[in-house]
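Chemist: Take a look at the following structure, please.
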């Protein structure tokens with residue numbers, strides 16, 4: 001992040017360049033009403049939509065407004081084991097007053113999912129959200145509910161899916177298509193949710209047509225004060241006093257604690273900054289919540305309860321494997337082999353071949369000496385092959401910028417470089433702009449290195465030129 005002479009960061013400065021296009025992505029309550037009215041006519045089940053109800057302020061407000069629109073709603077809550085008693089009481093009172101049906105979802109694997117999320121992302125929210133989406137999609141699919149409505153804030157949209165590149169063209173349909181492709185990749189990516197829950201429903205594209213996600217706050221623009229005033233006047237919702245920054249979840253502060261320890265800032269800083277840019281929160285309110293004091297004793301109790309040790313905290317470390325063999329082996333081969341036995345977060349990031357291990361005076365492996373070898377570069381530890389063709393060089397430049405890694409070989413793997421669905425969106429958008437193509441996001445996952453992706457681009461351009469020649 002960079003700041004100008006007035007203390008304005010590069011995100012705020014660049015946002016002004018595409019603010020108008022970004023604002024066109026957001027719609028109106030009338031647009032939402034039209035979608036749901038059509039659902040009423042075409043629905044095959046009992047409900048028009050399933051609403052994800054956490055018990056917090058955002059989802060509670062969304063549920064109430066949907067009921068006011070005359071929508072038949074099923075409310076769904078993930079009981080992750082850490083919803084506060086006051087939040088559960090809020091849920092009970094609200095669904096009773098609104099007269100909506102409500103179900104809880106749960107899984108005995110939740111603690112393992114929390115630990116996996118902490119180790120991958122330094123927060124609990126990623127694992128929790130994916131669990132919610134997985135379980136709620138099954139419910140909606142079984143009950144023939146065509147829409148799942150989320151209570152994500154507009155700041156969370158920008159944090160998780162909306163990138164500057166998506167707004168380069170004034171085309172909302174393309175943005176929606178890109179986000180859908182990213183969602184497919186997201187649900188099929190390997191993590192604790194995929195390993196511990198039944199995610200087979202996402203193997204086929206059909207489920208993404210039959211159950212679609214609607215973000216309530218894409219259609220409804222409401223600021224913090226207006227929302228809180230509405231809840232205070234119209235619903236028996238009382239802000240919990242036992243959940244810290246969150247308005248429903250006890251484990252949330254544990255995730256914030258780990259994120260601050262490992263990455264140096266709150267995991268809410270990024271979405272809150274977007275809420276401020278979009279005018280939904282003041283800077284003062286956001287800073288108060290981000291800087292709220294954390295009960296470290298309670299955090300340690302919760303982390304111990306879910307099986308996450310303070311030794312797991314990764315303040316600046318990476319996992320390195322030192323190995324002995326007759327000849328050096330390709331890191332990709334070692335990594336592929338280990339993935340058949342270990343979860344992703346236990347697979348080393350780097351591999352260092354050695355002819356022998358340094359030993360202590362007692363004849364044991366000298367671990368301190370290994371740490372001090374300083375043989376690890378930031379680049380992926382494979383046999384480096386430099387980009388050769390113009391296509392490879394252009395793709396490599398895009399990857400380097402997005403993934404913030406200087407030296408990338410044409411056979412280095414996208415995921416092993418730290419790539420994810422958000423990075424794939426950025427890369428795909430820049431490639432499409434550079435080559436005037438319309439490649440979907442999953443192209444990056446299907447062609448996970450520069451060599452394959454460059455060949456795919458070259459082939460796509462050839463097909464496009466042949467088609468243009470034929471039409472002439």
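The values are calculated or read from the model by the stated rules, or taken from the named source; none is laboratory data. Bear in mind the structure is a predicted one, so any value in this text is a computation, not a measurement. Every residue, glycine among them, receives a Cβ derived from its backbone with ideal geometry; neighbour counts consider all protein chains shown.
Chemist: Kindly indicate whether residue 380 is modelled with pLDDT under 85 and within 29 Å of residue 429 (Cβ to Cβ).
Modeler: Taking the combined requirement at face value, the residue satisfies it.
Chemist: A further question follows. If I go through the stretch 184-207 residue by residue, how many of them are within 15 Å of residue 424 (Cα to Cα) and touching a residue at least 60 places away in the same chain (Cβ under 8 Å)? Write out each step before concluding.
Modeler: Within the stretch 184-207, the first condition is being within 15 Å of residue 424 (Cα to Cα), and the residues that meet it are 184-189.
Narrowing the set further to residues that are touching a residue at least 60 places away in the same chain (Cβ under 8 Å) leaves 184-186, 189.
Final tally of qualifying residues: 4.
Chemist: Sticking with this structure for a sec: Taking interchain pairs and intrachain pairs at least six residues apart, which have beta carbon atoms under 6 angstrom, with the first residue in the stretch 436-453 and in the same structural domain as residue 396 (by TED's automatic domain parsing) and closer than 24 Å to residue 169 by Cβ and the second modelled with pLDDT of 90 or more and not in a helix (DSSP H, G or I)?
Modeler: What qualifies is 453/447.
Chemist: Right, here's the next one. Please state which of the following conditions residue 225 fails to meet, knowing it meets all the rest: (1) within 25 Å of the chain's Cα centre (by Cα); (2) modelled with pLDDT of 85 or more.
Modeler: Only one criterion is unmet by residue 225, namely (1).
Chemist: Out of all the residues in the stretch 64-71, is one or more in the same structural domain as residue 217 (by TED's automatic domain parsing), over 28 Å from residue 189 (Cβ atoms), in contact with a strand residue (DSSP E or B) (Cβ under 8 Å, 6 or more places away or on another chain) and at pLDDT below 95?
Modeler: Among the residues of the stretch 64-71, at least one is in the same structural domain as residue 217 (by TED's automatic domain parsing), over 28 Å from residue 189 (Cβ atoms), in contact with a strand residue (DSSP E or B) (Cβ under 8 Å, 6 or more places away or on another chain) and at pLDDT below 95, which makes the answer yes.
Chemist: Now, a different point. When you scan the stretch 10-107 for helices (runs of 4 or more DSSP H) that lie fully inside it, which ones turn up with 2 or more residues that are within 30 Å of residue 306 (Cα to Cα)?
Modeler: In the stretch 10-107, the matching helices (runs of 4 or more DSSP H) lie at 57-68, 85-98.
Chemist: Separate question: Do any helices (runs of 4 or more DSSP H) entirely within the stretch 176-252 hold 2 or more residues that are surrounded by fewer than 16 Cβ atoms within 10 Å (Cβ to Cβ), in contact with a strand residue (DSSP E or B) (Cβ under 7 Å, 6 or more places away or on another chain) and assigned by TED's automatic domain parsing to the domain that holds residue 280, and if so, which? Before you say what the answer is, go through the steps one by one.
Modeler: Numbers: elements: 192-196, 206-210, 216-219, 224-234.
Here the list is empty.
Per-residue answers, yes or no, for (1) more than 19 Å from residue 36 (Cα to Cα); (2) buried (at least 19 other Cβ atoms within 10 Å of the Cβ); (3) modelled with pLDDT of 95 or more:
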{"site": "105", "(1), (2), (3)": "yes, no, yes"}
{"site": "108", "(1), (2), (3)": "yes, no, yes"}
{"site": "113", "(1), (2), (3)": "yes, yes, yes"}
{"site": "125", "(1), (2), (3)": "yes, yes, no"}
{"site": "132", "(1), (2), (3)": "yes, yes, yes"}
{"site": "136", "(1), (2), (3)": "no, yes, yes"}
{"site": "144", "(1), (2), (3)": "no, no, yes"}
{"site": "149", "(1), (2), (3)": "no, yes, yes"}
